[in-house]
Structures are given as C-alpha cells and as structure tokens.
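Report on one structure; see the data block that follows.
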Amino acid sequence: MREVAVIGVGLTPWGKFPERSYLDLGVEATTKALDDAGAKWSDVQVMATAIYLWGSLLGTVAGQGLANAMGETGIPITNIYNMCATATSAFRSAYQSVASGECDMALAVGLDKSPKGFYVYPGFEDKEDIDFIRWKMTGLVNPGYWALECRQRMDGYGTTERHLALAKVAVSKHGALNPMARYQKLFTEEEVLNSPMVVDPLRLYMICATSDGAAAVVLCSLEKAKQYTNKPIVVAATTIASSLYGDGTLRLPTISTPAKATAPYLSESAESSRIAYEKAGIGPEDVSVLELPDNSSWHYLSYLEILKFCRPGEADRIVETGVSKVGKTVVCPSGGCSSLGEAQSAQGLAMICELVWQLRGQAGARQVKNAKVGLAQTYGMYGNSGAVILKV
Amino acid sequence: MKNRIPIIEGLFTWPSEDPHLIAGRCKTCHTIFFPKFCQQHKPDCHPKTVEEIQLSKKGKLASFTIMHLSPPPLFKLPPSQIPYAVGVIELPEGLKVVGLLTGCKWEDLKMHMDVEIVIEKLYEDEQGNEALTWKLKPI
C-alpha cells in the first residue's frame, strides 16, 4: 500500500434548501473540491459516492447521477450506504483505490437532504424488521435512544442538565465563526436550559437538527499530490468498525440489549478509533483538532471519553471550562453537528473538509493555531462507525 | 366483548391469562435476545441453534425518557397521551428491554424502581378492536 493524500475539498453550506436537489448539492461540492485541487473532473479515475436514501431508486445510484451532471467518463463508481459511517466509508473506499495502486486519483462524495421530522424509512412493513417493530410497538424516536443513554450517564456519573447545556454553549462558540454552518450563533447556558424539553432529559438545543448538505474530497497518491499542491494532507488512517458481541449500549434502532456489558460501550466507535490510533501511530495527545459526532450533548460528553481524551465520567469536568477544548485539542472547530445540523450521508466528509482546512491553515476566524493532526469520528447507528486521521 | 389483538403477532404469548414476552436463546452460548429473530450469539455459534423462551416479567427500571412530541404515524398513540414515556427494564435473565411506560405519573418515575411487563391497549383500531403492545408498569 502506498501513501495517500487529500489534495482538494469542497463543501456546500449546511442548512435546509427545499429548492435544491441532492444532485445540485453534490455538483457544487464536487466542483469546489476539484477547483480546490486544481484538477479536472476527467482526471478522476474512481468515485465512491454516498447514496441518497430518501429519494427514488435513482437516489441509490447517486454517483451515476453525479457523473451524468459532470459528464460521463466511464470510471468505476461505487454507491455506498453505511448509516452514520456512510461518508467515511466512501472516503475509505476512495482511499483504498489509490493506496492499492488501482488509480492515482479518486473522489469521495457525500450528498444528503434530510427528510422532514424523524428518520422513518417510508413504505416498509416487515414484521421481522426490528426498526419496524420499535416504531409500531414502542414509539421510541431516535433522539429517545440518546436520552435513555444520557439518563444512565446522569445516574452513573452525576452529569447534570448544566453539563448538557455547557456542551452546546462551548461548541456554538466555534459554529458562530463558521460561514458554512446552519446556526452561526452563540448560545448561552440560559437559552439552552430554557429551550423546550423534547426527549427528557434532552432539550431542543441539546439535540442537533437534520440538515441538507454535500461534501467532496479528492484523494491522490502522495507522490502525484506534489504536482497539485505544496501542502498535501496525508491520510494517516481511515477505518470502519462494527459492533462487538456483548456491547451494552442500547443500539439504535434495537429494543433489547445485554444487561451486563462484556464489550466496550459504543464498541463500534471505540474500535474504529482504537484501530485508527494504532495504524497512525499516534494517540489522543497528538491530536490538534477533533471533529466528533455531537448529535446531542450526550454524544459530545461520551465521545470525549470513548476516544480516550479523558477517562469515563471526566468529560463533565471538561465542559465546565466553558471552551470546547481538551488539553491542546480543539473539539469540533467547525461547530460540529450542533451548528451544522446532520446531513447523515455527507457528515463524515464534511468533518474531513474541516480537518483539511485546519491543517492547511485556511480555517479563517476559527483557525486553530499550528494544527498538525486531525481526527474525524462518526457516530454508530446500528453498529457502524468510522474514524479518519489526517496529518500535515 | 372487544377483541384484543397484538399489533404484531409473535412478540408475546397471546391469548394468555399470563402473557410473557417471547425471546430467543442460543443453545450454545446461552445468549438471550428479544425479539427471538433478532439474533445475538457469541462469534461462531450456529445461528440455527436457537430455542424459544419466555422472559420473566419483573425487573428494574434501567432508564427512561419522557417524549414531548408527536410520534411518527407508524406509532398510533392517541394524541391525548402526549407526552409519553419510554423506559428500559433490566430483567433477572440479564437482558434489558425497551417498552412504553404506563400506570404512573411521569414525575414519579425513578431510576432503578421496580417495574413489570404488562400487555395493554395502545389504540383502538377501525373495527373497534383493542390493538395491544407490551408496556412497563411501576409496581
């Protein structure tokens, strides 16, 4: 396997764009990424694309739609869906094509428009489908899972409502500086604590919104990357992990779990980051910028612990400092899901865009000084999680 | 007398004077899972070697959430019951199961309280039948 670099990134604004199609968003991100790389569409030899789950059958071959719009070149296109790890899986697939020597330049694209309200897949009625059963019989909505885990955390570690609010406040300080974020706004503790209760103990401003958005990343062999840029960003690791037997987390969308856990909490995320650290030969103490999946304040606290930035239960102390930072690591410099909203199939690539800008020193008002190493970690719905480590 | 019909068959014993949730258990590693087709095994156990068991009914409340929202249409909760609460029961078998909470004021819910699994009406269908699910009820 040879070394691979990121040479171009492109991101659309994150928000709600009812007038725009998923392909329109995808074309914008792709064009921006190619321009950023100084490459042409016809230079792309392999493409991995996130599927668009909420459209017609053609949404499942979004990559072909994108190629249609860009001009068909006959390249291999793979369309990928892997829950929260979808975009990271597309990145990993593109990486493998370059690393293995199959091609010199590959493109990973994620594009998504979120449905209104809760994620409910339309038109399925399979009585042995656990997702169908949970909706029909229990009515537990997705953020309800986070609320159940959050209350256990509060019971076990003494996490308070205030800690949950402080996580949002700290991340919003970054989001307020990100021109691509949907909520470019500084939230106060009082505002968060006075926002409507949604899934007790989580209030409205403690849960991320669902957004529309697209992101694209151009990968190239490190050797060839030097023809395009004098600051290639090296891919130190890109991993996907699934759950381990005995994981005690109440995994979305299941309705039962072992009482006594024999595997790590959120094992898919613990594993994907553990393996990424190992492959990259670095530890949390080396990370300058961390994009974690702050789908809710519970995620923010839990992921600091799962990714080993602190011990279990200690994340509460970190948010008490009022800044989204642990040691020298700046957490969610983009403003995270909390400021962008979640566009599930594109999220992992949006995180990678932020890391690249930070490592190049192009992050504008939110630039982290002297950023050398970045980690992007996704959440793990139904046991799928991805981690990416980039370095200068 | 109204007919009382499970919303989805096969998840609890019915009709029954003493209904229980139906779970599966791996004959090799003895892992218990619910529902019975949502299999959980230690790696390399044979997925076919599953026996059906009935879960016990009493346990502790391992977590709960009160949801201040209208659920998606698949969940036919009468609007008068919003906000609704969902909990997790920890059973003596070593399994936690999610269920709608019933039979108490939401402000009285406490972690680790004793709860039991009951079969109750969720809604009345167009024919006037009671559509049943399992719920968790504080004891």
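The values are calculated or read from the model by the stated rules, or taken from the named source; none is laboratory data. Nothing here was measured: the structure is a model prediction, and the numbers come from that model. In this analysis, Cβ positions are derived from the backbone assuming ideal geometry, glycine residues included, and neighbour counts consider all displayed protein chains.
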Residues being among the polar types (S, T, N, Q), in contact (Cβ under 8 Å) with a residue 12 or more places away in the chain and within 14 Å of A:GLY10 (Cβ to Cβ) - total across segment A:345-372 = 0
inquiry  = Just the residues that are among the β-branched types (Val, Ile, Thr), in contact (Cβ under 8 Å) with a residue 12 or more places away in the chain and not in a loop (DSSP other than H, G, I, E, B), please, taken from segment A:253-289.
reply    = A:ILE275, A:VAL289
task = Scan segment A:166-203 for residues that are over 15 Å from A:GLY322 (Cα atoms), polar (S, T, N, Q) and touching a helix residue (DSSP H, G or I) at 6+ places or on another chain (Cβ under 7 Å) and report the count.
result = 3
task = Identify all residues within segment B:102-117 that are at the interface with chain A (Cβ under 10 Å from one of its Cβ atoms) and either in a strand (DSSP E or B) or of a type in the set (A, V, I, L, M, F, W, C) (or both); write none if there are none.
result = B:TRP106, B:LEU109, B:MET111
task = Note down all Cβ pairs under 9 Å where the first residue falls in segment A:147-158 and is under 16 Å from A:TYR303 (Cα atoms) and more than 7 Å from every other protein chain (Cβ to nearest Cβ), the second is among the aromatic types (Phe, Trp, Tyr) and crowded, with 20+ Cβ neighbours inside 10 Å, and they're at least six residues apart or on different chains.
result = A:GLU149/A:TRP298; A:CYS150/A:TRP298; A:ARG153/A:TRP298
Complete set of residues in segment A:120-140 that are outside any helix (DSSP H, G or I) and within 7 Å of chain B (Cβ to nearest Cβ) = A:VAL120, A:LYS127, A:GLU128, A:GLY139, A:LEU140
message = With the condition being at negative phi and among the acidic types (Asp, Glu), I'd like the helices (runs of 4 or more DSSP H) fully within segment A:310-384 carrying at least 2 qualifying residues.
response = none
ask   = When segment A:113-134 is examined, which residues are found to be acidic (Asp, Glu) and touching a residue at least 12 places away in the same chain (Cβ under 8 Å)?
value = A:ASP131
query = How about segment A:349-385: which of its residues are at pLDDT 95 or above, among the hydrophobic types (A, V, I, L, M, F, W, C) and within 13 Å of the chain's Cα centre (by Cα)?
reply = A:LEU349, A:ALA350, A:MET351, A:ILE352, A:CYS353, A:LEU355, A:LEU375, A:ALA376
query = Does at least one position in segment A:35-42 carry a residue that is in contact with a Leu (Cβ under 8 Å, 6 or more places away or on another chain), in a helix (DSSP H, G or I) and surrounded by fewer than 21 Cβ atoms within 10 Å (Cβ to Cβ)?
reply = yes
ask   = Which of the residues belonging to segment B:53-84 are at the interface with chain A (Cβ under 7 Å from one of its Cβ atoms) and either under 20 Å from A:PHE132 (Cα atoms) or free of Cβ contacts under 8 Å to residues at least 24 places away in the same chain (or both)?
value = B:THR65, B:MET67, B:HIS68, B:LEU69, B:PRO71, B:PRO72, B:LEU74, B:PHE75, B:LEU77, B:TYR84
task = Go through segment A:34-60 and give me each residue that's free of Cβ contacts under 8 Å to residues at least 24 places away in the same chain and either more than 12 Å from A:TYR22 (Cβ to Cβ) or of a type in the set (Gly, Ala, Ser) (or both).
result = A:LYS40, A:SER56, A:LEU57
inquiry  = Filter segment B:85-101 down to the residues that are among the small types (Gly, Ala, Ser) and at the interface with chain A (Cβ under 7 Å from one of its Cβ atoms) and list them by number.
reply    = B:GLY94, B:GLY99
query = Would it be correct to say that A:ALA270 is more than 23 Å from A:ARG151 (Cα to Cα) and not polar (S, T, N, Q)?
reply = no
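This table checks each residue for (1) closer than 17 Å to A:VAL218 by Cβ; (2) more than 19 Å from the chain's Cα centre (by Cα); (3) of a type in the set (Gly, Ala, Ser); (4) modelled with pLDDT of 95 or more.
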position: A:PRO13; (1), (2), (3), (4): no, no, no, yes
position: A:GLU28; (1), (2), (3), (4): yes, yes, no, yes
position: A:THR31; (1), (2), (3), (4): yes, yes, no, yes
position: A:ASP35; (1), (2), (3), (4): yes, yes, no, yes
position: A:THR49; (1), (2), (3), (4): yes, no, no, yes
position: A:GLY63; (1), (2), (3), (4): yes, yes, yes, yes
position: A:THR78; (1), (2), (3), (4): yes, yes, no, yes
inquiry  = I'd like to check something: does segment B:45-52 contain any residue that is of a type outside the set (A, V, I, L, M, F, W, C) and in contact with a Pro (Cβ under 9 Å, 6 or more places away or on another chain)?
reply    = no
key: Residue satisfying all of: in segment A:203-215; of a type in the set (A, V, I, L, M) and part of a helix (DSSP H, G or I); surrounded by the most Cβ atoms within 10 Å (Cβ to Cβ) among these   = A:MET206
query = Considering only helices (runs of 4 or more DSSP H) fully contained in segment A:141-202, which possess at least 2 residues that are surrounded by 24 or more Cβ atoms within 10 Å (Cβ to Cβ)?
reply = A:142-157, A:161-175
